[in-house]
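Presented below is the structure to which this report refers.
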Amino acid sequence: MLLDAWKKVAPEDWELVIAGNDDSNHLPTIEKKIAELGLQKQVTLAGPLFDEAKDQAFQQADLFILPSYSENFGIVVAEALSHQVPVLTTTGCPWEELETQQCGWWVEPIPEGIANGLSEALQKATEELSSMGVRGRQLVEQNYQWPAIAEKMHRFYKWILEGGQKPDFII
């Protein structure tokens, strides 16, 4: 999806770095698609990144993209946000907050959805992307640090034991 969207949008002066493990042996398919679309000069396959290399990649990024049909959470989204990098991901991930908190894009998991989100992101000035990154960091600090998680767990167990109004984070 991402490679098709990247080709459609054809962002000049941007480099797409694809990082991560290849647990499913999907790399040959990705390499073939890159060649098929003529994206060899725009796309870098970084492989898995850990520790300082991962931090450096986030620090150098202007945008993080997680194209996914389904994710239970997508911890890498929280990691990108904590590094103040705006995120574009799909509705296959539970990250509607990207839009409600104005720190990214939450699009349909199809090439057109990703292309539309990518086009919007590329039209943003550097300052606006930076502001989105700051809001993303604030989102992580407010909702995904241990104190916030502990408070939600407390509310959940209290509701289970005592009843009352269902917490808003329970589906």
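Read the figures in this text as sums done on the coordinates, not as results from a lab. Computed from a predicted model, the values in this text were never measured in an experiment. Positions of Cβ are generated from backbone atoms using ideal geometry, with glycine treated the same way; all protein chains shown enter the neighbour counts.
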The stretch 22-112: translational diffusion in µm²/s, Stokes-Einstein, Kirkwood Rh over Cα pairs, 37 °C, 0.692 mPa s: 228 µm²/s
Exposure proxy ranking, count of Cβ atoms within 10 Å, fewest first, for T90, T29: T29, T90
Dipole of the stretch 2-145, positive end: most advanced residue of L81, W95, L16 [Cβ charges, Cα centre]: L16
Top of G74, G92, G38 by mean-square fluctuation, Gaussian network on the chain, Cα under 10 Å: G38
Sorted by Cβ density within 10 Å, fewest first, the residues V43, V107, V9: V9, V43, V107
Highest-fluctuation residue, A61, A115, A35 considered, GNM on the chain with Cα pairs under 10 Å: A35
Relative exposure of I110, I160, judged by other C-beta atoms within 10 Å (fewest first): I160, I110
Under 11 Å, Cβ to Cβ, from W106 - net charge with Lys/Arg +1 and Asp/Glu -1: -4
Anchor K54: lysines whose Cα lies under 23 Å away (excluding residues fewer than 8 positions away in-chain): K41
Computed E for Q165/E96 - FRET, C-beta separation, R0 30 angstrom, nearest 0.05: 0.85
All lysines inside 24 Å of K152 as judged from Cα atoms, apart from same-chain residues fewer than 8 positions distant: K166
Answer label, with percent of Cα pairs over 29 Å apart calculated from the coordinates and candidates (i) 12; (ii) 29; (iii) 24: (iii)
Label-to-label distance, nm, for residues given as A53 and A35 (7 Å Cα→Cβ offset): 2.4 nm
Where chymotrypsin sites (Phe, Trp or Tyr not before Pro) fall in DSSP loop in the stretch 1-55, at most 11 other Cβ within 10 Å: F50
Computed over the stretch 61-171: relative contact order in percent, which uses C-alpha pairs under 8 Å that are six or more apart: 24 percent
Most mobile listed residue (A57, A78, A148) in the chain, GNM with C-alpha springs under 10 Å: A148
